[in-house]
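Inspection log for the structure reproduced underneath, given as structure tokens.
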Amino acid sequence: MADTTFIYVLIDPRTEEIRYIGKSDKPNERFKYHLRDKTKCHRVNWINRLVGIGESPVLKIVEEIKSENWQERERFWIKHYRKMGFDLVNDNDGGGGCDNP
């Protein structure tokens, strides 16, 4: 496992609103995975709608952190953006992890 990892957001290019918060050691690879993911969930539905109109979410890193406390930081950012009123497509409050890049 890497010493550091990243908390990132995916932004809707039409509205510039943050729609998803995630964690990855390799955010650019994770972003590519998001674009080809076929899982049945809100995130994939949102991305597929964007792709269907010739758009793509925008990836932005919000924090580089030590790998050992990523769960706490991901939960922090999800709570933070929800409190600000963003309509996130995250299925949970964060910290659950993922087997993908």
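Summary table
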read-out	value
Among Leu35, Leu59, Leu88: highest mean-square fluctuation, GNM of the chain, C-alpha pairs under 10 Å	Leu35
Tilt relative to the chain, helix 70-83 - C-alpha long axis, 0 to 90 degrees, to 10	40
Anchor Lys26: lysines whose Cα lies under 24 Å away (excluding residues fewer than 8 positions away in-chain)	Lys38, Lys40, Lys60, Lys66, Lys79
Surface share of carbon and sulfur [accessible, 1.4 angstrom probe, percent] for region 18-60	49
Solvent-accessible heavy-atom area per residue, rounded to whole Å², over the chain at 1.4 Å	62
Sparsely packed trypsin sites (Lys or Arg not before Pro) within region 5-101, loop by DSSP, other Cβ within 10 Å at most 15	Arg14, Lys38, Lys40
Helix 27-36 axis, angle to the chain major axis (alpha carbon atoms, nearest 10°)	40
Only Lys, Arg (+1) and Asp, Glu (-1) charged, at Cβ; the chain dipole about Cα centre in debye	300
Partner aspartates and glutamates for Lys32 [C-alpha distance under 19 Å; skip if fewer than 8 residues away on the same chain]	Asp12, Glu55, Asp99
Estimated FRET transfer efficiency (Asn48, Arg14; beta-carbon r; R0 22 Å; 0.05)	0.95
Pair Asp3, Lys83: separation of 7 Å Cα→Cβ label points (nm)	3.1
Qualifying GluC sites (Glu not before Pro) for region 2-60 [loop in DSSP, other Cβ within 10 Å: at most 15]	Glu16, Glu17, Glu55
Gaussian network model of the chain, Cα within-10 Å springs - most flexible of Ile61, Ile53, Ile21	Ile53
Selection from Asn28, Leu10, Val44, by position along the positive dipole direction of region 5-51 (Cβ)	Val44
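The values are calculated or read from the model by the stated rules, or taken from the named source; none is laboratory data. What you are looking at is a predicted structure, and each value in this text was computed from that prediction instead of being measured. No Cβ is skipped: glycine too gets one built from the backbone with ideal geometry, and neighbour counts run over all protein chains shown. Keep in mind that these areas ignore ligands, DNA and RNA; they rest on the heavy atoms of the full protein, side chains included. Shrake-Rupley method; radii C 1.70, N 1.55, O 1.52, S 1.80 Å.
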